[in-house]
């Protein structure tokens, strides 16, 4: 578990020095300097703790791991946030203000992607276990044979119920496998789309703020389109009994 931004801010050398000077001033100079210095110290702690880079790093390092088939693709998507953050740092406050809507929209997309990936990771783990431990074809064949050979009505009814249950579960696992493959493809598409967002933002460096502003709607549209695709997965999961 990584250190939180607040913890890092509290242990920052500049803040520790400020706290020491505040205590020294209160003890050795004038007592009223201590509360004034303490207020300044709190302000410095707040500024460092709110640093976007620290917060992004803390969030990234404390995420629960995803299924491997999703993790590498999500990592690529999340790295885009850092690429854009670094680009804004190099571009200055004017471009930063222009790009702020893109940053907010991308943050929402990354978080949505992660939460959906987390849900489907649980499904993927269960699916993998079922793939290893279940042998539906053999079990179904055995039930069909038992049904054909039995003459007892009660036994036949039991065998038919078991057969139906096996066939239902087999069909459900097939649907889960198809859904996981589709989502894996979706993550690949989203990572490519996000890469184009990074390219668009990096291309704004050196432009006048007005010219950069004209490019923002097209970049936002890329993010919006990916959000809509993820919303479709959300809706499909809500309607199904897979999760």
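The values are calculated or read from the model by the stated rules, or taken from the named source; none is laboratory data. From a predicted model like this one, the values you see are computed outputs, not experimental measurements. Ideal geometry is used to build each Cβ from the backbone, glycine not excepted, and the neighbour counts take in all protein chains shown.
In the range 120-168, what residues are touching a helix residue (DSSP H, G or I) at 6+ places or on another chain (Cβ under 7 Å), within 29 Å of residue 73 (Cβ to Cβ) and at pLDDT 80 or above?
Once the filter is applied, which keeps residues that are touching a helix residue (DSSP H, G or I) at 6+ places or on another chain (Cβ under 7 Å), within 29 Å of residue 73 (Cβ to Cβ) and at pLDDT 80 or above, the range 120-168 yields 120, 121, 123, 124, 127.
Out of the helices (runs of 4 or more DSSP H) lying entirely within the range 32-111, which hold 2 or more residues that are in the same structural domain as residue 209 (by TED's automatic domain parsing), under 20 Å from residue 195 (Cβ atoms) and at pLDDT 75 or above?
Counting at least 2 such residues, we get 68-91.
Just give me the residues in the range 120-162 being closer than 30 Å to residue 222 by Cβ and surrounded by 15 or more Cβ atoms within 10 Å (Cβ to Cβ), in sequence order.
Those that are closer than 30 Å to residue 222 by Cβ and surrounded by 15 or more Cβ atoms within 10 Å (Cβ to Cβ): 120, 121, 123, 124.
I'd like to verify a number: residues in the range 185-207 that are without any contact (Cβ under 8 Å) to a residue 24 or more places away in the chain, surrounded by 12 or more Cβ atoms within 10 Å (Cβ to Cβ) and farther than 15 Å from residue 106 by Cβ, how many?
1
Residues in the range 167-182: is at least one touching a residue at least 60 places away in the same chain (Cβ under 8 Å) and surrounded by fewer than 17 Cβ atoms within 10 Å (Cβ to Cβ)?
Yes - at least one qualifying residue is present in the range 167-182.
Considering every residue within the range 191-198, establish whether at least one is modelled with pLDDT under 85 and under 32 Å from the mean Cα position of the chain (by Cα).
no
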